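Worksheet: one structure, shown below.
Derivation of every value follows stated rules applied to the coordinates shown; laboratory data play no part. Quantities reported herein were computed from a predicted structural model and do not represent experimental measurements. Methodologically, a virtual Cβ is constructed for each residue, glycine included, from the backbone with ideal geometry; neighbour enumeration extends over all protein chains shown.
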Amino acid sequence: MNIPITKPLLGLEEERAVSQVIQSGWLVQGPKVVEFERTVADYVGVQHAVAVSSCTTALHLALILCGIGLGDEVIVPSFTFIATANVVRHTGATPVFVDIDPCTYNLHPEGIEAAITPRTKAIMPVHQIGLAADIDRINVVARQHDLVVIEDAAPAIGAMYKGKRVGDLGNPTCFSFHPRKVITSGEGGMILTNDENLAERARLLRAHGMSLSDLARHQAKNVVIEEYHDIGYNYRMSDLHAAVGIEQMKKLNFILTRRKAIAEQYDAALSDYNEVLQRQPGNAPLFVERGQIFQQLGDSESAKSGGALGLPPPRSVSASRQFVSRTPKFSSIISERSQPGVIATAVPPWGPSSWPCENARRFTLCLTRS
């Protein structure tokens, strides 16, 4: 039985939506992007959403718009996907790695103070695999030191924090719509904010700093010549991608419910094993402390049958070659210990109900062998 780690829940709805965009003749950023932005903003509960080409470009724009640049420092978790640190470097700033909370794998608020220097300008927590970071405590530290907070919520659309949706916690927040995330637009990202000025600046900079969008010029009754007052980027989302995203938003509640049910099946199946670190209540992510399990996967029944037990989640970025000798690091013991010892389990929202049980059986086989 081949069990995928994840796979987008796509169907005829997305196919028809893309076909309609093609038939319309308008493929680039246009009315579908606007509709997708409004749909996500309304769902999260914020005033503005700005669609871009990826979460990486969303994070980069958010940093630029918050004034982060050459010589600055940005505090990031040492255990995350490498894009979190890369975008800081793209601005000319330096990522400063702070260790994680061993219970959540998110940036540990207690480690932030020691990492703050006169050059620190921002904190960029990650909502790891959809589990919300402790934003209240992070915001307190940020206010005390006059720092900006930018939330990397790449895998966290639909996640909740103290009764509010991630994206509506008071800071610029960036989502990803990569196919491995909760929902997908094929590729894409989005900045969520209640700051009208930041949203307007983001819309300008994502399209070369152009004073008018392609659609506005196309709809104008007279010839309109755009102006360029800023050095911008080509970070636009196309209507083809947005059309997929709109249909995916209609399925989001089902996907979240299904992922939660799958996580509960894993919890029940693996509850007798001390090697398993249980997920936080109400959240779908599940981490398993691997010990020697990872070394055995190549010889396991699962590997031979083509089924995936799980995959390594975000890495200890502070130990990556491109950062290890160039950036400050403040005690990443937990991150580095977690690097060889954690996997994330498969949670595809579709497929036979037997998948989680079968995958858990394969886990227990490896756990028994270890």
Notebook entry, point to check: In which sequence would R137, R206 go, from the one with the fewest C-beta neighbours within 10 Å to the one with the most?
Noted result: R137, R206
Next item on the list: State which entries of K7/K164; K221/K250; K162/K250; K32/K221; K221/K251; K181/K221 exceed 29 angstrom in Cα-Cα distance in the structure shown.
Entry: K221/K250; K221/K251; K181/K221
Note to self: Can you sort S19, S211, S176 from fewest to most other Cβ atoms within 10 Å of each residue's own Cβ?
What the structure shows: S19, S211, S176
Check: Can you list the GluC sites (Glu not before Pro) in the range 185-274 that are in a DSSP coil and have 13 or fewer other beta carbons within 10 angstrom?
Finding: E227
Checklist line | Taking Y228, Y235 and counting other C-beta atoms within 10 Å, the order from fewest to most | finding: Y228, Y235
Item checked: Cβ-defined net charge surrounding E187, 13 Å radius [Lys, Arg +1; Asp, Glu -1] -> +3
Next item on the list: Using the Cα centre as the reference, give the magnitude of the dipole from point charges on the C-beta atoms of the range 12-249 (Lys, Arg: +1; Asp, Glu: -1; all else neutral), rounded to the nearest 20 debye.
Entry: 220 debye
Notebook entry, point to check: Relative to the present Cα-Cα distance, how much length would full extension add between S19 and K162 at 0.36 nm per residue of separation?
Noted result: 47.5 nm
